[in-house]
Amino acid sequence: MSSEALTSTGYIRHHLQNLTCGLQDGHFHCAHSADEAKAMGFWALNVDTLGVSLLLGLVFLYFFSRVAKSAAQGVPGGLQNFVEWVIEFIDSSVRGSFTGRSALVAPLALTIFVWIFLMNLMDLIPIDYIPFVTEQMGLSHFKVVPSTDPNATIGMAIGVFFLVIFYSIKIKGLGGFVGELTLQPFGKFGLPVNLFLEGVNLIAKPVSLALRLFGNMYAGEMIFILIALLPFYLQWTLSLPWAIFHILIVTLQAFIFMTLTIVYLDMAHQEHH
Amino acid sequence: MNINATLLGQTIMFAMFVWFCMKFVWPPIIAALDARKKLIADGLAAGERGKHDLELAAKRSAEVLREAKEKAAEIISQGDKRASEIVEEAKAKAEVEAGNIRARANSEIEQEVFRAREQLRTQVSAIALAGAGKILSREIDAKAHNELLEKLVAEI
């Protein structure tokens, strides 16, 4: 381990640092400390976040598309049963919250739910396993849970935000969308106040999506790190209950992100005056 | 924990996953689910129809059975009537036949009686002739009186 891992503070800081790689002083390399990562500025990549989330996304799409390819109306087998169960759950959620008709919303909800669920699920892997393995491979840092990296959650929230704006303009027209932002709730004479209120309302959507997921997962991860500071024979007394409780949070956060996305898109599809 | 280009990478990755899911995952599975829903609904409807058909068939079979019973009873009564008719006919025929037989027997008996009487008459005349011959053998020549005797026989 690197020298900063010898103290408790160092251990915590080490676990909270992504594997950030980028250009520095003209050549591409990976940061060995938080300061170095910060110095790389915006044009750097958290390779661990990208890699793990890509892998999990591919796992999700692999299994679901395998079922989709062989989907038959006959008696379903084990994997098909599971996939159909998930799909029906998403489908009923979308039907419950989304009143319009859209070919996008349901697959979007499915992707969000399963992908975030898998990313959150990485939190249940014992905290030192994968960093230990990657350290043997020569990587100084490795954060396994992509949803504890604000880049991942903000990235998804931006995607949802674009869709909200896109559908608002598509359904209501540009004028309708701008009108919605400026002409209510106080009519055209209160335009600046309207714009401020509705603007906050609009911006709050992606921010709340991203920060809620990030905050929950980050806090959960932090507690696992703190538990890992206990002597090894005592860790299970806390990590086991927390992990069991965390199963709930993992699912709940994925569900909340999905449901809010559906609701936001539903609002984008509705004309209200 | 700093914001960097990972953000963009995640957004792009997210968009691609959603696109793939929308294109290749969601529609076929939903189609299969809908198809199965329809299959099950059809199956249930067919079952219901089958049950209804069965009820109808049971009702019809009961009706057919009742009709058959009625017909059988009718046939039996007809048969009984016919049988008694045949018996009556046979009785009448037998009576006629019996009458015939009796008549034939009566005529035979009459013939027999007549024949026996003829025989008896011949024999009686012979005996009488013999008796008379014996009495008159001394006085009368048989030849002379034969004509008279034969007249007598014919008279008897």
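The values are calculated or read from the model by the stated rules, or taken from the named source; none is laboratory data. Note that the coordinates shown come from a computational prediction; the quantities given were computed from them, not determined experimentally. Virtual Cβ from ideal backbone geometry, glycine too; neighbours counted across all protein chains shown. Only protein heavy atoms, including side chains, enter the accessible area calculation; ligands, DNA and RNA are left aside. Shrake-Rupley method; radii C 1.70, N 1.55, O 1.52, S 1.80 Å.
Straight-line reach from residue B:151: which lysines fall under 27 Å, measuring Cα to Cα and dropping same-chain residues less than 8 apart?
Result set, ordered by chain and number: B:134, B:143.
Mean Kyte-Doolittle of at least -1.0 and a Cα length of 15 Å or more along the axis: which whole DSSP H helices of chain A meet both?
Taking the DSSP H segments of chain A (at least 15 Å long, mean hydropathy at least -1.0), we get A:47-70, A:78-97, A:105-121, A:150-182, A:191-227, A:235-269.
On a C-alpha basis, how far is the centre of segment B:42-116 from the centre of segment A:52-103 in Å? Whole number, if you could?
Segment B:42-116 and segment A:52-103 have Cα centres spaced 77 Å from each other.
Helix-only estimate, please: 222 nm mean residue ellipticity of chain A, summing -39500 (n - 2.57) across DSSP H runs of length 4 or more and dividing by its residues, to the nearest 500.
-24000 deg cm²/dmol
Can you give the mean number of other chain Cβ atoms that lie within 10 Å of the Cβ atoms in peptide A:81-91?
Details: counts 0, 0, 2, 5, 0, 1, 6, 3, 0, 1, 4.
For peptide A:81-91, the averaged partner shielding equals 2.
Provide the per residue accessible area, probe 1.4 Å, for the protein assembly as shown, rounded to a whole number of square angstrom.
Result: 61 Å² per residue.
For segment A:133-262, with only Lys/Arg (+1) and Asp/Glu (-1) charged at the beta-carbon, what is the dipole magnitude about the Cα centre, in debye rounded to 20?
Using only the charged Cβ atoms, the result is roughly 380 debye.
Segment A:92-208: D in µm²/s via Stokes-Einstein (Kirkwood Rh, Cα pairs, 25 °C, 0.890 mPa s)?
So the translational diffusion coefficient is about 140 µm²/s.
Name the most mobile residue of A:166, A:142, A:186, meaning the one with the largest mean-square fluctuation, in a Gaussian network model of chain A with Cα contacts below 10 Å.
Fluctuation is largest for A:186.
With every atom except the alpha carbons ignored, what do you get for Rg and Dmax of segment B:1-154, in angstroms?
For segment B:1-154, the Cα-based Rg and Dmax read 61.2, 196 Å.
So which of A:172/A:205; A:38/A:143; B:38/B:59 end up more than 26 Å apart, counting from Cα to Cα?
Too far apart for the 26 Å limit: B:38/B:59.
How many partner chain Cβ atoms sit within 10 Å of a residue's Cβ in peptide A:146-156, on average, as a whole number? Working shown, then result.
Values: counts 2, 0, 1, 7, 5, 11, 7, 2, 5, 10, 7.
Per residue, the average neighbour count from other chains is 5.
Place +1 on the Cβ of every Lys and Arg and -1 on the Cβ of every Asp and Glu in segment B:4-78, take the dipole about the Cα centre, and give the residue among B:47, B:13, B:76 whose Cα lies farthest towards its positive end.
Of the listed residues, the answer is B:13.
Have a look at segment B:14-35 and report residues whose accessible surface goes down by 30 Å² or more when the remaining protein chains are included, against the chain on its own, probe 1.4 Å, ligands and DNA/RNA excluded.
Residues losing area: B:14, B:17, B:18, B:20, B:21, B:22, B:25, B:26, B:29, B:32, B:33.
Against the longest alpha carbon principal axis of chain B, how many degrees, from 0 to 90 and to the nearest 10, is the axis of helix B:142-155 turned?
Tilt relative to chain B: about 40 degrees.
Just to be sure I understand: if you take the accessible area of chain A alone plus chain B alone and subtract the pair, with a 1.4 Å probe, what total do you get in Å², rounded to 100?
Counting both chains, the buried surface is close to 3700 Å².
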